[in-house]
Amino acid sequence: MRDGRMVADRQKAADFIELLALSGLRLAEAQNLTWEDIDLSKGTLVVTEGKGGKSRVIDLFPSLQAFIERFRAANPNATGSIFPGEADQPYSP
């Protein structure tokens, strides 16, 4: 059972790093990203608490949109944080 948990943790970390690489989000922005911030039909992602407390909209280019669609398909019923952490803390790979 422990090995399965380690594999899942490694995959979650790999997915998180891939999101960072594809999106250009800052660490805290990615940690705070929720499913509600993403609109796949419009192809946008909203950063609500960016640098300096500013919000901005990011267009989902094809590889980022494909990643989010794959990730969503693997987590179809997820709500709230895309990468939930332990005990209501931000996720940290």
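What list of ³J(HN,Hα) couplings, whole Hz, do you get for the range 54-69 from phi and the Karplus terms 6.51, -1.76, 1.60, once you set θ to phi - 60° and write x for glycine and proline?
Each residue's phi maps through the Karplus curve to give 8, 9, 7, 10, 10, 6, 8, 6, x, 5, 5, 4, 4, 4, 5, 4 Hz.
Roughly how many Å² is the accessible area per residue of the range 1-57, as a whole number, for a 1.4 Å probe?
For the range 1-57, the per-residue accessible area is 66 Å².
Using a simple charge model, +1 on the beta-carbon of Lys and Arg, -1 on the beta-carbon of Asp and Glu, nothing else, what dipole does the range 1-78 show about its Cα centre, in debye to the nearest 20?
In debye, rounded to 20, the range 1-78 gives about 160.
What number, in nm² with one decimal, is the all-direction average of the projected area of the convex hull of the alpha-carbon atoms of the chain?
With every direction weighted equally, the projected area is 6.3 nm².
Report the relative contact order of the chain, percent, no decimals, based on alpha-carbon pairs under 8 angstrom and at least 6 residues apart.
Relative contact order here is 30 percent.
For helix 2-23, what angle does its Cα long axis make with the longest principal axis of the chain, in degrees from 0 to 90 and rounded to 10?
20
Taking amide H positions as placed in the peptide plane 1.01 Å from N, state which residues far from Leu60 in sequence (5 or more) or on other chains have amide H under 5 Å from it.
HN-HN under 5 Å from Leu60: Thr44, Leu45.
Compute for the range 14-68: radius of gyration divided by Kirkwood radius, i.e. Rg/Rh, restricted to C-alpha atoms, rounded to two decimals.
For the range 14-68, the value is 0.92.
Is the shape of the range 53-93 best called rounded, prolate or oblate, per the rule: a/c under 1.5 gives rounded, else a/b larger than b/c gives prolate, else oblate, with a ≥ b ≥ c the square roots of the Cα gyration tensor eigenvalues?
Oblate, because a/c is 1.5 or more while a/b does not exceed b/c.
Among Leu20, Thr79, Leu40, flag the residue with its Cα farthest along the positive direction of the charge dipole of the chain, charges on Cβ as +1 for Lys/Arg and -1 for Asp/Glu.
Leu20
The values are calculated or read from the model by the stated rules, or taken from the named source; none is laboratory data. All values reported here derive from a predicted model rather than from experimental measurement. Every residue, glycine as well, gets a Cβ built from its backbone with ideal geometry; the counts of neighbours run over all protein chains shown. SASA here: full protein model, heavy atoms, side chains in, ligands and nucleic acids out. Shrake-Rupley method; radii C 1.70, N 1.55, O 1.52, S 1.80 Å.
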